[in-house]
Amino acid sequence: MAKAARATLTCGQGGRKGGDGDREGRVSGYVLKVVRRAVSLTQEQFAERLGVDVTTVQGWESGRRPLMAVTAGTYLRLRRSLLGLGAPPPLLGQLDSAMEADRFIGYALACEGPGDNEVHPLATWVIDRPFTDLVGWAFTGTRPSVLMVYAAEQRYGPTPPGPQLAVDERNHIIGHLRDVAEQAAPDTETGALLRRQAHYVAGFDASPETGEWLALMQHDDERRLHSGRWTPSWPVVRSGAHTLARKGDGDALSRFIDVHIETDECETANLNYWAYWLGEISDPQVTDSFMVELDLGAWSGDRMLSHLVTKLDATNPYIDVVVHTLWSLITRKPEVVNPRSAEAASAAAARLLEQGSVSPQAVKELNEVLYALRMIHRW
């Protein structure tokens, strides 16, 4: 694929230390601020409870003193102190994910060109929903829902509503992700993982140029993928279809379902990825191969069923894959449904059918879901 010429220097150039994000702290700093407000403490009270100077707290929260740069012992003491102050454990989990988000942002900003793809932060693990929501927050301004639960927005003077990227920083990161995706080896597990995740994160950029690039990359990846078979390229195409759907391509997901989810292996891959994304699979994964290697019995499906039912809305850009995954979940794990969840799912599916604005494939699958749920009621 042709691309605009860009510099291909190594990470660590451009005025930043290393390429490991140790000088980046805007996301974790803002999450720390949310944690502090959740326990109803001022910066001065917080500093006193932690036994540090107030300027240290101010530096952490602003990102001027990145949490990434503190010692492991200091960070562990901070977490334990926060827990003792009554900080909700889910918020502390968000703080850990925010450190990962800062590491990625710092790495990308420190690089001119792709850097070392083998150690890239997007090549060493399968990113999860908390990480992605936090990175997306810096790009789009959309606060992760879990943070909204614990702390309504409080504005004091000119304080920004969340971590922000300057225009030149945003452009630099997107250019870096384009380099990474185009140079990653697409037929290896590590290369395909990096390519997929670089695609997905780049999708947070709203520029038409990035949208056109993502569509071209998806076309290339679809040509590489054998219909109905799982290969390292299958998750790349799956994520690409989700990204294009989020950007307004109404046919991206239905096309993916029609062509690329034709076998039990691919159905399993789709369900296992949903389980990982929604936290039903809690163990970190280092490659996408877990999608086909993990038995469906390794997770319950309760959280997935509840989530899918709440997303049965015709305005949802992912509605085709939501309906298909609900159908697949009930077909392959019928034990996940009980009379109460069957009633909720039936009502949501019926409402969606009444709206009459979903694809023929979705209509067919919704009717099959309703039939299966009626059978469960008879039990």
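The values are calculated or read from the model by the stated rules, or taken from the named source; none is laboratory data. These numbers were taken from a predicted model, which means no experiment stands behind them. All Cβ positions, even for glycine, are placed from backbone atoms using ideal geometry, and neighbour counts span all protein chains on display.
Among the residues of the range 193-250, those that are over 23 Å from residue 165 (Cα atoms) and among the hydroxyl-bearing types (Ser, Thr, Tyr) comprise 227, 231, 233, 239. A search for C-beta distances below 7 Å between a residue of the range 339-358 that is not assigned by TED's automatic domain parsing to the domain that holds residue 322 and any residue that is modelled with pLDDT under 90, counting only pairs 6+ apart in sequence or on different chains, returns nothing.
Looking only at the range 243-260, residues that are at pLDDT below 90 and assigned to a loop (DSSP other than H, G, I, E, B) come to 1 in all.
Whether any residue in the range 282-293 is among the charged types (D, E, K, R), under 23 Å from residue 337 (Cβ atoms) and under 16 Å from the mean Cα position of the chain (by Cα) is what I want to check.
Filtering the range 282-293 for residues among the charged types (D, E, K, R) gives 283, 288, 293.
Still in the running and under 23 Å from residue 337 (Cβ atoms): none.
The answer is no; no qualifying residue exists.
For the range 157-178, the criterion of being basic (Lys, Arg), closer than 29 Å to residue 319 by Cα and either outside the structural domain of residue 89 (by TED's automatic domain parsing) or in a helix (DSSP H, G or I) (or both) is met by at least one residue. Summed over the range 169-204, residues that are under 17 Å from residue 133 (Cα atoms), of a type in the set (Gly, Ala, Ser) and touching a residue at least 60 places away in the same chain (Cβ under 8 Å) total 1.
Taking residues in the range 42-55 that are acidic (Asp, Glu), and partners anywhere that are part of a helix (DSSP H, G or I), the pairs with Cβ atoms closer than 9 Å and at least 6 places apart or on different chains are 44/54; 44/57; 48/54; 53/47. For the range 262-298, name all the residues that are crowded, with 21+ Cβ neighbours inside 10 Å and part of a loop (DSSP other than H, G, I, E, B). Within the range 262-298, just 288 meets the criteria.
For the condition in contact with a Gly (Cβ under 7 Å, 6 or more places away or on another chain) and under 28 Å from residue 116 (Cβ atoms), what is the one hit in 199, 242, 176? Before the answer, list the steps.
Values: 242 fails: in contact with a Gly (Cβ under 7 Å, 6 or more places away or on another chain); 176 fails: in contact with a Gly (Cβ under 7 Å, 6 or more places away or on another chain).
Exactly one residue qualifies, and that residue is 199.
If you check residue 207 against the conditions, is it more than 18 Å from residue 98 (Cβ to Cβ) and either without any contact (Cβ under 8 Å) to a residue 24 or more places away in the chain or not β-branched (Val, Ile, Thr) (or both)? Yes. The numbered conditions (1) modelled with pLDDT of 95 or more; (2) under 22 Å from residue 246 (Cβ atoms) are all true for residue 297 except (2). If you go through the range 210-233 and keep only what is of a type outside the set (Asp, Glu), without any contact (Cβ under 8 Å) to a residue 60 or more places away in the chain and under 17 Å from residue 291 (Cβ atoms), you end up with 225, 226, 228, 229, 231, 232, 233.
Is it the case, given these coordinates, that residue 246 is among the basic types (Lys, Arg), surrounded by fewer than 23 Cβ atoms within 10 Å (Cβ to Cβ) and either touching a Leu at 6+ places or on another chain (Cβ under 7 Å) or touching a residue at least 60 places away in the same chain (Cβ under 8 Å) (or both)? Before you say what the answer is, go through the steps one by one.
On the way: among the basic types (Lys, Arg): yes; surrounded by fewer than 23 Cβ atoms within 10 Å (Cβ to Cβ): yes; either touching a Leu at 6+ places or on another chain (Cβ under 7 Å) or touching a residue at least 60 places away in the same chain (Cβ under 8 Å) (or both): yes.
Answer is yes for this residue.
Condition first: outside any helix (DSSP H, G or I) and within 25 Å of residue 243 (Cβ to Cβ). Can you find one or more residues in the range 318-333 that meet it? The answer is yes; a qualifying residue exists.
For the range 238-269, filtering for residues that are over 23 Å from residue 212 (Cα atoms) and in contact with a Ser or Thr (Cβ under 6 Å, 6 or more places away or on another chain) leaves 1.
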